[in-house]
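Undergrad: Mind having a look at this structure? Questions to follow.
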Amino acid sequence: MSKKLVGYVLFFALLLVGFYYFLFKGTDNWKVQLPILSYVQPFSFTNQDGNKFTDKELLNKITVVEYFFTTCKGICPKLNTHMKDIYSIYKNEPDFQIVSHTCNPGTDSAPVLKKYADSLGVNTKIWVFLTGRKDSLYQMARGSYLLDDPKNNVEKMEDQFMHTQFFALIDRKGKVRGKIYDGLKALEIEQLKQDISKLLKDK
C-alpha cells in the first residue's frame, strides 16, 4: 500500500471519528445505557384517594416502585425512610414519581393508605399508594417489576404473603431499567439516585 493511500485512509478515518464526535457531542448517546430488565404489563389498581391508577400513569415519568404494608414493623419503616430521602431529592421534578403497592390489600384499603401517606407528610400526586386484588398486585411484583421470585406463586394465593425489600426503576416508556435495588442497603440507594438522575436527563 502506497503512502498516499495510507494517508487517504487515515484522513477518512479521522473524518469519520470527527463526524461522530460532533454528532453526539453534548448528548449522553455515547455513554453506557442502563440495562432493560423487563417491561411493565397493563394493570389497574386503586390509589389512596379511591381513584383508578393504571399503567398509563407511568408513561412519560421516571418511577420508583416498591411493595410494603402499613402495619409492618420490620423492614418497611426502614425502606420508606430511604424512599422518603429519594422523595425529598426529586419531589420538585415534574417527571418523577414513586409508586408504593401494598402487599396486604386485605388490610390496606384506600383510606388506610391515605392515612399512612398523611403520616409521612408527602404529596400523593408525587408519591402514590396503591391497593387492589392480591393476585394482581403479586403478579405485577413478580412478572413486571421482578421484585419477588415467580416460583413463590406455586402456593394458593390466600396462603401467600410477599415481603420484599427491593425497589424497581421504570423509565418513561414503561421499561424496568438499571438493576433491582436493595432498599435496605445505603450503597444501592445511592446507585438508585444516580440512575434516577440519568433517566431524568434522558428525554
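The values are calculated or read from the model by the stated rules, or taken from the named source; none is laboratory data. Everything quoted here is computed from the prediction, not taken from an experiment. Virtual Cβ from ideal backbone geometry, glycine too; neighbours counted across all protein chains shown.
Undergrad: Going through segment 117-148 one residue at a time, which ones are in a helix (DSSP H, G or I) and either among the charged types (D, E, K, R) or not assigned by TED's automatic domain parsing to the domain that holds residue 183 (or both)?
TA: 118, 134, 135, 142
Undergrad: Also, quick follow-up: When segment 70-84 is examined, which residues are found to be surrounded by 17 or more Cβ atoms within 10 Å (Cβ to Cβ) and in contact (Cβ under 8 Å) with a residue 40 or more places away in the chain?
TA: Answer for segment 70-84, where residues must be surrounded by 17 or more Cβ atoms within 10 Å (Cβ to Cβ) and in contact (Cβ under 8 Å) with a residue 40 or more places away in the chain: 70, 79, 80, 82, 83.
Undergrad: Sticking with this one: When the residues of segment 108-130 are narrowed to those that are hydroxyl-bearing (Ser, Thr, Tyr) and within 17 Å of residue 77 (Cα to Cα), which ends up surrounded by the fewest Cβ atoms within 10 Å (Cβ to Cβ)?
TA: Restricting to residues being hydroxyl-bearing (Ser, Thr, Tyr) and within 17 Å of residue 77 (Cα to Cα), the top hit is 119.
Undergrad: Hey, another quick one. Checking the structure you have, find out if any residue of segment 102-117 is in contact with a Lys or Arg (Cβ under 8 Å, 6 or more places away or on another chain) and farther than 14 Å from residue 68 by Cα.
TA: Checked segment 102-117: no residue is in contact with a Lys or Arg (Cβ under 8 Å, 6 or more places away or on another chain) and farther than 14 Å from residue 68 by Cα.
Undergrad: Under 9 Å between Cβ atoms, at least 6 apart or on separate chains: pull out the pairs that start in segment 183-203 with a residue that is touching a residue at least 40 places away in the same chain (Cβ under 8 Å) and end on any residue that is in a helix (DSSP H, G or I) and surrounded by fewer than 16 Cβ atoms within 10 Å (Cβ to Cβ).
TA: 183/78; 184/78; 189/85; 193/85; 193/89; 196/89
Undergrad: May I pose another question? Looking only at segment 158-179, filter to residues that are surrounded by fewer than 22 Cβ atoms within 10 Å (Cβ to Cβ) and hydrophobic (A, V, I, L, M, F, W, C); which one of those is modelled with the lowest pLDDT?
TA: 161
Undergrad: Here is a further query. Give segment 72-102 a look and list any residue that's at pLDDT 95 or above and assigned to a loop (DSSP other than H, G, I, E, B), or say none.
TA: Matches in segment 72-102: 91, 92, 93, 94, 95.
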